1. So residue 127 ticks every box in (1) under 19 Å from residue 36 (Cβ atoms); (2) touching a residue at least 24 places away in the same chain (Cβ under 8 Å) but one. Which box is left unticked?
2. With segment 48-117 as the region, which strands (runs of 3 or more DSSP E) entirely inside it contain at least 1 residues that are out of contact with any helix residue (DSSP H, G or I) (no Cβ under 9 Å at 6 or more places or on another chain), of a type in the set (Ser, Thr, Tyr) and surrounded by fewer than 17 Cβ atoms within 10 Å (Cβ to Cβ)?
3. With within 21 Å of residue 146 (Cα to Cα) and more than 14 Å from the chain's Cα centre (by Cα) as the only criterion, which of 60, 43 stands out?
Amino acid sequence: MFRKIAAALIVCMIALVTVAVHAQQTDSSITASAPIPAQILTARKVFISNGGVDALALLAFQRENEPNKLYNRFYEEMKKWGRYGLVGAPADADLVFEIRFTAPISDCDKTTSYNPGMDLLILDAKTHFTLWTFREPVQGAFRKTTWDKNFDQGMSNLMASLKQLTQSTITQERSQPGS
């Protein structure tokens, strides 16, 4: 019985790694030529929306006595970065950044796990269309110090991805004719 479970886990892990590698290769080839929405390039003001957390993640944040930890921390990081002016109402913004934390449960044969992570949606404030999304995994932990370290790493990675996107837009703007 143990050998069957171990074999099933190995097959699942190989399948996940194969899909992840293929997705990374596909993403890098698409990213090189696909344009980044102009609104992300030209925006000056951003409203940060608290998309909340799902039920499973809410329990973890409530145990810490910080149900708005993600929103507060993201707001703080955006303020420190200073790329966009932060406004208090969506009507005053060029973009809306909706930040949320989810921990969806995933099944692989008879093994159940969860995949906690930070989700950031960038929306056009006028049209309400989603312009870009980010998903940054946060490794789970049993100890608070480990959880804090993993959360901090996830936030750092999310901010790095966002900064890279806006850096890409600057590069894209400079490479366009007439710039």
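1. Evaluating residue 127 over (1) under 19 Å from residue 36 (Cβ atoms); (2) touching a residue at least 24 places away in the same chain (Cβ under 8 Å) leaves (2) as the failure.
2. On the way: elements: 95-102, 105-108, 111-114.
Strands (runs of 3 or more DSSP E) meeting the threshold: 105-108, 111-114.
3. 60
Residue by residue, here is whether (1) under 25 Å from residue 164 (Cβ atoms); (2) among the polar types (S, T, N, Q) holds:
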| site | (1), (2) |
| --- | --- |
| 36 | yes, no |
| 43 | yes, no |
| 50 | yes, yes |
| 113 | no, yes |
| 132 | yes, no |
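Here, each number is a calculation from the coordinates, and none is a lab measurement. Since the model is a prediction, treat every value here as computed from it, not as a measurement. As a convention, Cβ positions derive from the backbone with ideal geometry for all residues, glycine included, and neighbour counts pool all protein chains shown.
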